[in-house]
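First the structure, in the form of structure tokens, and then the observations on it.
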Amino acid sequence: MDPRLRDELIAYLAQFVTPNKVQKIRQVLENRTYYVTLVLEDIYQPQNASATIRTAECLGVQTLHVIENRNEFRVSPKVTQGAAKWITLFRYNEPGADNTGACVQALRSQGYQIIATSPNVERSYSLDTLPLERPMAFLFGNEEEGLSPRAMELADGYLRLPMYGFTQSYNISVSVAITLSHVIEALHRSDLPWRLTEEEKAELTLEWYRRIVRRHELLEQKYLEERQARQQR
């Protein structure tokens, strides 16, 4: 979309958003990031899927990539508490396709390093040794088997979370929370370019206004018709 038209639509739709919500969106955008993203492969428990969305949104992660080779990704609105409204979800679920490969290829083409989380790889990063200098995509597998061999094969590196008890792994939603909270805090303390650009903030502002303004399509159509009429005078 032409940036000038986008900015006009933002200003127009802002009339139908409460001042408090407008201010809140501006505040949230200051801590939003594309620098970190999540990849969930074949998650099948709605509670876990929903908890990861809620955690990601709370910590400012904007995008979530869902691979559905075998299991459909389902969410529970009671668990997400509205968080799904504010994130951007990408789904990879073409029947018979290498959806894991397609997801990783798409992320790598955007400059992400692919970090697979696993308790079973000897040569792994710890949370304190993760290389933060490049954008990171963290891969998490399903509740019983973890990541697929294909995901492990495609990873650029591996992350092992600290565990000192008898149990071999965390619940996936806990793993996501531990990883993201550590990484996001480290980015906030750094000078790395993890924040959104002004263009990205504007694009998200329009996207979010559209999600919260009822019948925004009709309102935008009316605005565009009036705009065209003004230009023809």
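The values are calculated or read from the model by the stated rules, or taken from the named source; none is laboratory data. Being a predicted model, the structure only gives us computed values, none of them experimental. With ideal geometry, Cβ positions are generated from the backbone for all residues, glycine too; neighbour counts draw on all protein chains shown.
Residues checked against (1) in contact with a Ser or Thr (Cβ under 6 Å, 6 or more places away or on another chain); (2) of a type in the set (A, V, I, L, M, F, W, C):
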{"residue": "ARG6", "(1), (2)": "no, no"}
{"residue": "LEU13", "(1), (2)": "no, yes"}
{"residue": "ILE43", "(1), (2)": "no, yes"}
{"residue": "VAL75", "(1), (2)": "yes, yes"}
{"residue": "THR88", "(1), (2)": "yes, no"}
{"residue": "PRO95", "(1), (2)": "no, no"}
{"residue": "ASN99", "(1), (2)": "no, no"}
{"residue": "ARG108", "(1), (2)": "no, no"}
{"residue": "SER118", "(1), (2)": "no, no"}
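The residues in segment 128-142 that are crowded, with 16+ Cβ neighbours inside 10 Å and of a type outside the set (A, V, I, L, M) can be counted, and the count is 5.
Of all residues in segment 141-190, exactly one satisfies the criterion of being aromatic (Phe, Trp, Tyr) and at pLDDT 95 or above, namely TYR158.
Under the condition of being of a type in the set (Lys, Arg) and out of contact with any strand residue (DSSP E or B) (no Cβ under 8 Å at 6 or more places or on another chain), which residue from segment 164-201 is farthest from PHE140 (Cα to Cα)? Looking at residues that are of a type in the set (Lys, Arg) and out of contact with any strand residue (DSSP E or B) (no Cβ under 8 Å at 6 or more places or on another chain), I get LYS201. Per the conditions (1) touching a residue at least 40 places away in the same chain (Cβ under 8 Å); (2) part of a helix (DSSP H, G or I), the sole criterion not satisfied by VAL22 is (1).
Residues GLY60, GLY82: which one is among the small types (Gly, Ala, Ser) and at pLDDT below 95? Matching residue, one of GLY60, GLY82: GLY82. Please find, within segment 167-202, the residue that is surrounded by the most Cβ atoms within 10 Å (Cβ to Cβ) out of those that are free of Cβ contacts under 8 Å to residues at least 60 places away in the same chain and charged (D, E, K, R). If we take residues in segment 167-202 being free of Cβ contacts under 8 Å to residues at least 60 places away in the same chain and charged (D, E, K, R), then GLU185 is surrounded by the most Cβ atoms within 10 Å (Cβ to Cβ).
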